[in-house]
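Enquirer: The structure's right below; bear with me while I get my questions together.
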Amino acid sequence: MTAPTESDAADVLSLARPEIRNLTPYAHASWAPALTRLHANELPWPDAAGGRAPLNRYPEPQPGELLAALASYFGVRQSQVLATHGSDEAIDLLTRAFCRAGQDSVIVTPPSFGMFAVAALVQGAGVIEVPLQADSHFELSADGLLAALDPAVKIVWLCSPNNPTGACLSTTEVLKVLRATRGRALVVLDEAYGEFAGKPSWSQRLGEHPQLVVLRTLSKAHGLAGARIGAVLAQPDVVALLRKIILPYTLSSDSIRRALGALQPAALAVTQARVVALTVARRKLADVFASCPVVVRVWPSDANFLLVQARRDVPLYERWLEAGLLVRDFRRAPGLADCLRVTVGDEAQNSALLRVLGELA
Ligand SMILES: *Cc1c(COP(=O)(O)O)cnc(C)c1O
């Protein structure tokens, strides 16, 4: 494996939209906390209703302390991190930076996270579908994907662990894709459920593959879905490019504080213990599902949810709903006939799921 050079970095940027490469970004109010702020048209007093922490000042864009904490947690350099308004914003930014409307396209691997295709369609980019292989645990076919790669493809979207099927993609297949896409397309690995997988993150290989981008989030394992904090991990040139188009104040002051709290050692220890507990509960739930006659199949999961195929003549979704339990209905989604995606809950919630299942058996 050869280390990336400056020309590799240039190759990646040459995939981006020329008008974004050449864009002079908005110059936001400078961040100088030691000085009295009379340069940003803020009110000198907290808002009239009053809250726990005053919000009359604009937040620091891309706060250094948060970037440092994210870099340390994800094991990358600070210059390799962009903090985003959830991974959803990262998906949107990457699409807008790399895809020209009416000309470029992206590859997606259904069944997978829907936002990849939606962001492309909003941007006016084409969407090429290379389905995961339903007959082999929804594994990625690198050969199939590479056959669909053409010069118009700017982004290959991969999700590992994959939502909604649950398992990590095979390292061998992803490596095949990475080896063949160098200088040709960005490869984005969405690792929203990475904490639950207990496997090394692809971000550890950023140095080997200049076109690799990894997405992480505090929404799932860290319990901060409402704070909207995600991270793009990529080589510094890609981070710098995205920084040009990200909204300057995309992270609210409250969210920044909550994210910093979640990344403190004590909070990380709690999160780690919860991840272990959820993983144990996932295994138990999967075992009971698998032994249940109304369940046709449970797929192996590296995430905090299980994809379950129920017998078509059994109203499992409806029965769970009648019991007040909402699961995700994929029964009519392409490639997912009769499938439900069940989030692993706490002990009481998991017992409630199994109680209904027991009544049906
Ligand atoms: C939940 C989810 C996201 C969204 O994450 P946010 O950080 O909350 O925007 C991104 N990707 C995948 C695969 C997800 O399942």
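The values are calculated or read from the model by the stated rules, or taken from the named source; none is laboratory data. Here the structure is a predicted model, which means the values were calculated and not measured. Don't worry about glycine lacking a Cβ; one is built from the backbone with ideal geometry, like all the others, and counts go over all protein chains shown. Accessible surface is based on the protein model in full, side chains and every heavy atom, while ligands, DNA and RNA are left aside. Shrake-Rupley method; radii C 1.70, N 1.55, O 1.52, S 1.80 Å.
Enquirer: How many angstrom lie between the C-alpha centres of the stretch 243-307 and the stretch 123-167?
Expert: The two parts, judged by their Cα centres, are 23 Å apart.
Enquirer: Let me ask you something else. So what are the three principal axis dimensions of the stretch 190-336 from its Cα atoms, in whole Å, longest to shortest?
Expert: Its Cα atoms span 53, 33, 28 Å along the three principal axes.
Enquirer: For every helix of n ≥ 4 consecutive DSSP H residues, a contribution of -39,500 (n - 2.57) applies; sum these over the chain, divide by its total residues, and give [θ] at 222 nm rounded to the nearest 500 deg cm²/dmol.
Expert: -11000 deg cm²/dmol
Enquirer: Out of 253, 30, 14, any idea which swings most in a Gaussian network model of the chain, alpha carbons joined below 10 Å?
Expert: 30
Enquirer: If you don't mind, there's one more thing I want to ask. For a quick protection proxy, order the peptides 280-292, 103-115, 347-359, 206-218 by their average other-Cβ count within 10 Å, most packed first.
Expert: 206-218, 103-115, 280-292, 347-359
Enquirer: Same structure again: Which shape class, rounded, prolate or oblate, goes with the stretch 88-208 when its Cα gyration tensor gives a ≥ b ≥ c as root eigenvalues, a/c under 1.5 marks rounded, and past that a/b bigger than b/c marks prolate?
Expert: rounded
Enquirer: Can you tell me the 0 to 90 degree angle between the C-alpha axis of helix 86-98 and the longest principal axis of the chain, rounded to 10?
Expert: Helix 86-98 and the main axis of the chain meet at about 60 degrees.
Enquirer: Using all Cα-Cα distances in the stretch 39-116, what percent lands in each 5 angstrom bin from 0 up to the longest?
Expert: Pair shares across the bins are 3, 11, 13, 14, 14, 15, 13, 8, 5, 3, 0.
Enquirer: Can you list, largest first and rounded to whole Å, the semi-axes you get for the stretch 1-153 by taking the square root of 5 times each eigenvalue of its Cα gyration tensor?
Expert: Listed largest to smallest, the semi-axes of the stretch 1-153 are 38, 20, 18 Å.
Enquirer: Sort 73, 58, 26 by heavy-atom solvent-accessible area, probe 1.4 angstrom, most to least.
Expert: I get 26, 58, 73, largest accessible area first.
Enquirer: Under the 0.36 nm per residue contour assumption, what length would be gained going from the current alpha-carbon distance of residue 318 and residue 247 to full extension?
Expert: Roughly 21.4 nm would be gained on extension.
Enquirer: Once both labels are modelled 7 Å past Cα along the beta-carbon direction, what's the residue 39-residue 57 spacing in nm?
Expert: 1.4
Enquirer: Within 13 Å, Cβ to Cβ, of residue 121, how many net charges do the neighbouring residues add up to if Lys/Arg are +1 and Asp/Glu are -1?
Expert: Charge balance near residue 121 sits at -2.
Enquirer: Between residue 276 and residue 204, what is the spin-label point distance in nm, taking each point 7 Å from the Cα along the Cα→C-beta axis?
Expert: Going by the 7 Å Cα→Cβ label model, 2.0 nm.
Enquirer: While we're looking at this one, here's another question. How big is D, in µm² s⁻¹, for the chain by Stokes-Einstein at 37 °C and 0.692 mPa s if Rh is the Kirkwood radius over C-alpha pairs?
Expert: My calculation gives 149 µm²/s for D.
Enquirer: Under a GNM of the chain (C-alpha, springs under 10 Å), which listed residue has the highest mean-square fluctuation: 95, 84, 343?
Expert: For the chain, modelled as a Gaussian network with Cα springs under 10 Å, the answer is 343.
Enquirer: Obtain the nm distance between the two label points defined at residue 269 and residue 103 by a simple spin-label model: each point lies 7 Å from its Cα along the Cα-to-C-beta direction.
Expert: Each label point lies 7 Å from its Cα, and together they span 5.4 nm.
Enquirer: Take every Cα-Cα pair in the stretch 311-361 and report what % of them are more than 14 Å apart.
Expert: Across the stretch 311-361, Cα pairs with separations above 14 Å total 53 percent.
Enquirer: Rank 271, 171, 24 by mean-square fluctuation in a GNM of the chain with C-alpha springs under 10 angstrom and give only the top-ranked residue.
Expert: Fluctuation is largest for 24.
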